[in-house]
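Down below is the structure, laid out as C-alpha cells.
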C-alpha cells in the first residue's frame with residue numbers, strides 16, 4: 001500500500017487528530033513546522049491553507065503580525081464524524097430500516113449534484129440508482145447539513161423506511177457496495193501495517209525512535225486508515241460478510257496508534273503554539 005499524501009490531506013489529519021484537542025486553533029508558523037516533518041514546504045502549506053479557507057473548512061484571524069487558523073463549524077462537524085468512524089465509536093443496534101435519499105437536481109446545477117454525490121459517498125451512502133441513495137445508518141444530521149450546505153432543499157427529500165421487496169437486505173448491499181473489493185483493501189492494509197507495527201514497537205521499546213518520527217508515522221497511519229472512510233460505508237454487523245476484515249484492520253490500527261501516540265503528542269506539543277478559540281463567523 002503506497003504512502004502517498006498531499007499537503008491538504010495531511011493538514012486535515014493533523015487538525016482531526018491533534019489541533020482540535022488543543023483549542024482547535026493553531027499559529028500558521030507552528031503548522032508549517034509540523035508539515036516540514038513530512039517534507040512539505042512553507043509555500044505548499046500556505047497554498048493548502050488558502051484552499052481550505054475558501055472551501056469553508058478553516059478560518060483565519062490576525063493577531064498582531066501572526067495568522068491563526070481554526071476549524072469552522074462545517075470543519076468541526078466533518079472532523080467529529082471522521083473521528084467517530086475512524087475510532088469506531090459504539091453505534092446503536094440496527095433497527096432494520098433504511099434511510100433513503102432522493103434528489104432531482106436540474107442540469108444547470110450539475111456542479112451541486114456532483115458535490116452532493118461526493119458527500120453522500122463520504123458519509124456512507126450507496127447508490128441504489130442514479131438519484132436514489134441508501135444507508136442503514138442514522139445520518140439524519142449529516143443529511144440536513146448537506147442539504148443546507150448546498151442549498152438544495154427544493155430538490156432533495158429523504159425517508160426512513162422498511163424494505164418490503166422480494167430480495168434480501170444483503171442483496172441491496174450488493175447493489176450499492178462492492179464489499180469484496182473493500183475487504184481486499186483491508187487485507188492490504190493489514191499485510192503492510194502488521195509488519196510496520198512489530199518493527200516500530202520494538203524500536204520504541206528500545207528508545208530507538210525519535211518523537212518526531214513517531215509523530216510522522218502516527219499521522220501517516222491515521223491518514224492511510226482514513227482512506228477507508230471513502231470506501232467503507234460502516235455497515236452494521238447484520239449486513240457484513242462472514243469473513244469481514246474491517247474489525248481486524250481496526251484492531252491493528254488502534255494497537256499501532258497506541259504505541260505511537262505518546263511520543264507523537266510530545267513532538268506536537270513541542271511545536272504547537274496555543275491560541276485562543278476564534279469566534280465563529
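No lab work stands behind these numbers, since they all come straight from the coordinates. Since this is a predicted model, take the numbers as computed values, not measurements. Because the Cβ atoms are built from the backbone with ideal geometry, glycine has one as well, and the counts that use them run over all protein chains shown.
Just one of (i) 39; (ii) 50; (iii) 43 is percent of Cα pairs over 26 Å apart as worked out from the coordinates here. Which one is it?
Answer label, from the structure shown: (ii).
Over all alpha-carbon pairs in the stretch 7-73, figure out the percentage whose distance exceeds 15 Å. The partial results should precede the final answer.
On the way: 1028 of 2211 pairs.
So the pairs more than 15 Å apart make up 46 percent of the total in the stretch 7-73.
Let me check against my output: what whole-number percent is the relative contact order of the stretch 178-267, with C-alpha pairs under 8 Å and at least 6 apart?
Values: 53 pairs, mean separation 49.7, N = 90.
Result for the stretch 178-267 is 55 percent.
Using just the Cα positions, wrap the stretch 178-267 in a convex hull and report its mean projected area in square nanometres, one decimal place. Let's see the in-between values first.
Working: hull surface 23.6 nm².
Quarter of the Cα hull surface area: 5.9 nm².
When N is the residue count of the stretch 145-190, what does its C-alpha Rg come to as a fraction of 2.2 N^0.38 Å?
Details: Rg = 16.5 Å, N = 46, 2.2 N^0.38 = 9.4 Å.
Output field value: 1.75.
With the crude spin-label approximation of a point 7 Å out along Cα→Cβ, what separation in nm comes out for residue 38 versus residue 242?
4.1
Say we join alpha carbon atoms closer than 10 Å with springs in a Gaussian network model of the chain; which of 92, 136, 241 then has the biggest fluctuation?
Top of the fluctuation ranking is 92.
Compute the convex hull volume of the Cα atoms of the stretch 125-173, divide it by the residue count, and report the result per residue in Å³ as a whole number.
On the way: hull volume 4.3 nm³, N = 49.
Spelled out: Cα convex hull of the stretch 125-173, divided by residues, is 88 Å³.
Calculate, in nm to one decimal, what residue 205 and residue 230 gain on full extension: separation in residues at 0.36 nm each, minus their alpha carbon distance. Spell out each step's value before the answer.
Values: separation 25, 0.36 × 25 = 9.00 nm, distance 3.41 nm.
That works out to 5.6 nm of additional length.
Work out Dmax and Rg for the stretch 78-175 from the C-alpha atoms and quote the Rg first, both in angstrom.
For the stretch 78-175, the Cα-based Rg and Dmax read 14.0, 41 Å.
222 nm [θ] for the chain, helices only, -39500 (n - 2.57) per DSSP H run of 4+, per residue, to 500?
On the way: 10 runs with 149 residues, N = 281.
It comes out at -17500 deg cm²/dmol, rounded to the nearest 500.
For residue 46 paired with residue 138, estimate the spin-label separation in nm (one decimal), with each label point 7 Å from Cα along the Cα-to-Cβ line.
Placing both labels 7 Å along Cα→Cβ, they lie 4.7 nm apart.
What is the mean projected area of the alpha carbon convex hull for the stretch 1-145, to one decimal in square nanometres? Intermediate results must be reported in sequence, preceding the final value.
Numbers: hull surface 46.5 nm².
So the Cα hull casts an average projection of 11.6 nm².
Contact order normalised by length for the stretch 78-175, with contacts defined as Cα pairs under 8 Å and 6 or more residues apart; what percent is it? Mind dumping the intermediate values first?
Details: 86 pairs, mean separation 38.4, N = 98.
Value for the stretch 78-175: 39 percent.
Could you work out the relative contact order of the chain? I mean the mean sequence separation of Cα pairs under 8 Å and 6+ apart, divided by the number of residues, in percent. Mind dumping the intermediate values first?
On the way: 308 pairs, mean separation 78.8, N = 281.
Taking the mean separation of contacting Cα pairs over the length of the chain, I get 28 percent.
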